[in-house]
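Have a look at the structure below, then the notes.
The values are calculated or read from the model by the stated rules, or taken from the named source; none is laboratory data. Here the structure is a predicted model, which is why all the values come from computation and not from measurement. Cβ sites come from the backbone with ideal geometry, for glycine too, and all protein chains shown count toward neighbours. These accessible areas exclude ligands, DNA and RNA; they are computed on the full protein's heavy atoms, side chains included. Shrake-Rupley method; radii C 1.70, N 1.55, O 1.52, S 1.80 Å.
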Amino acid sequence: MEITEIKSFLSINKVKNLDVFFDYETRNLSTFRLKGKCPIFIIANSVDALFYLLSFLERYKINYYIIGRGSNTLIGSCGNIIMIKLGKMFDYIEFEDSHIIAGASCNLGRFVIRCAKNKYDFSFLAGIPGTIGGAVSGNCGTQIESLCDYVESIECLKVIKNKIIKEKIRLKSHNYGYRFLNIDNLVVITKVFLKKERADKELIYINIRENILKKKTNQPLGTFNCGCFFKNPLTSRKTAGELIDNLGLKGFSYGGAVISTKHANFIENGGKATPDDIHNLSKIVAGLVSEKYKIKLEHEVKLVGFEN
Ligand SMILES: Cc1cc2nc3c(=O)[nH]c(=O)nc-3n(C[C@H](O)[C@H](O)[C@H](O)COP(=O)(O)OP(=O)(O)OC[C@H]3O[C@@H](n4cnc5c(N)ncnc54)[C@H](O)[C@@H]3O)c2cc1C
């Protein structure tokens, strides 16, 4: 099915709890804030609507991409890609007995504060932008602690032979690792169940303040970026940032894309960058690191709408 046919189908068949936008400005979908358009952007506000939408897209083999806050996603050319976001109905957090239950579009910052109020210490996530769905999907965290260590199970939609199914999955340790979640056929996380020992509330607030201060000192929080562009290589004692910094690349630019002068693993949109500027700069950096250190840097940022 062509994009124009999908547009007319969605215009005629209005579905409850699906907000549909045509020719949407992708600048609003990622913290890189790069100019661009996607043909169709849809906000889903119930599991049923999401189920209906994904079943339709799978049946007609239409490309789509799930986006959270876009704080870890570089969006390129979305010619025939439909962008889908979980809306306000998925933005909640509840506390039951010793469990924390969060909707997938729950804001990470609010999650940290609500957990602190209930004596759960997720201060290691303080200052990290995003949604719980995006954070679980990339096992977000620090070099010491990661979110999936505290995830008991997820409710999600999976695709098997072009059919969408709902499932609740208990996370096992082999399902996740350093900045990845690996669940066969996973399409979208809708709800997350977490468990953690309670801690002293005042201590949690101190940790939150300290971690935010640390981030403000070491990272360019006020610029347009998507956090660390590359994962830290497992084969080196140096972080990706240290390897890039050692090559003297802080401040190096390509088109409108710049290596942060504060943290060498952050690529910034200096204001007028295109998605290709960011992508090309990342390729130059990875090439130089490979040439000098024989280390292949792997993207931490997810790419959508690029050929390679
Ligand atoms: C200034 C800054 C600092 C950062 N610091 C850190 C840090 O310290 N540690 C760290 O780990 N990250 C960091 N990040 C990266 C980012 O904030 C996290 O990875 C965050 O968890 C991404 O969440 P998101 O909702 O923005 O994901 P998105 O960028 O929207 O999506 C990321 C991936 O998750 C998938 N996804 C999103 N929602 C869902 C869902 N509901 N179900 C299934 N898949 C989904 C997307 O398809 C995509 O593959 C930083 C980013 C910035 C801008």
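Observations, loosely collected:
- A Cβ distance below 8 Å, combined with a sequence gap of six or more or placement on separate chains, defines the contacts here; from segment 146-172, residues that are touching a residue at least 24 places away in the same chain (Cβ under 8 Å) reach residues that are assigned to a helix (DSSP H, G or I) and of a type in the set (Lys, Arg) in the pairs 162/59.
- Positions within segment 112-143 being more than 11 Å from the ligand (Cβ to nearest atom), part of a loop (DSSP other than H, G, I, E, B) and touching a Phe, Trp or Tyr at 6+ places or on another chain (Cβ under 8 Å), in sequence order: 118, 122
- The residues of segment 86-111 that are buried (at least 22 other Cβ atoms within 10 Å of the Cβ) and within 15 Å of the ligand (Cβ to nearest atom), listed by number, are 86, 90, 102, 103, 104, 105, 106, 108, 111.
- Condition met for residue 79 (at pLDDT 95 or above and either surrounded by 21 or more Cβ atoms within 10 Å (Cβ to Cβ) or of a type in the set (Gly, Ala, Ser) (or both)): no
- Of the criteria (1) open to solvent by 20 Å² or more (accessible area, probe 1.4 Å); (2) under 29 Å from residue 269 (Cβ atoms), which one residue 61 fails: (2)
- Candidates 227, 305, 270, filtered to the one that is over 18 Å from the mean Cα position of the chain (by Cα) and either away from the ligand (no atom under 11 Å from the Cβ) or at positive phi (or both): 270
- For segment 50-76, filtering for residues that are hydrophobic (A, V, I, L, M, F, W, C), more than 11 Å from the ligand (Cβ to nearest atom) and under 22 Å from the mean Cα position of the chain (by Cα) leaves 5.
- The condition (being modelled with pLDDT of 95 or more and within 16 Å of the chain's Cα centre (by Cα)) is satisfied by just one residue among 125, 171, 157: 125.
- Residue count for segment 165-202 under the criterion of being among the aromatic types (Phe, Trp, Tyr), open to solvent by less than 80 Å² (accessible area, probe 1.4 Å) and under 22 Å from residue 298 (Cβ atoms): the result is 2.
- Any hit, segment 94-105, residues being under 16 Å from the mean Cα position of the chain (by Cα) and over 24 Å from residue 48 (Cα atoms): no
- Check on residue 167, acidic (Asp, Glu), outside the structural domain of residue 66 (by TED's automatic domain parsing), away from the ligand (no atom under 14 Å from the Cβ) and out of contact with any helix residue (DSSP H, G or I) (no Cβ under 6 Å at 6 or more places or on another chain): no
- Segment 247-306, residues that are in contact (Cβ under 8 Å) with a residue 40 or more places away in the chain, part of a loop (DSSP other than H, G, I, E, B), open to solvent by 60 Å² or more (accessible area, probe 1.4 Å) and under 19 Å from residue 236 (Cβ atoms): 296, 298
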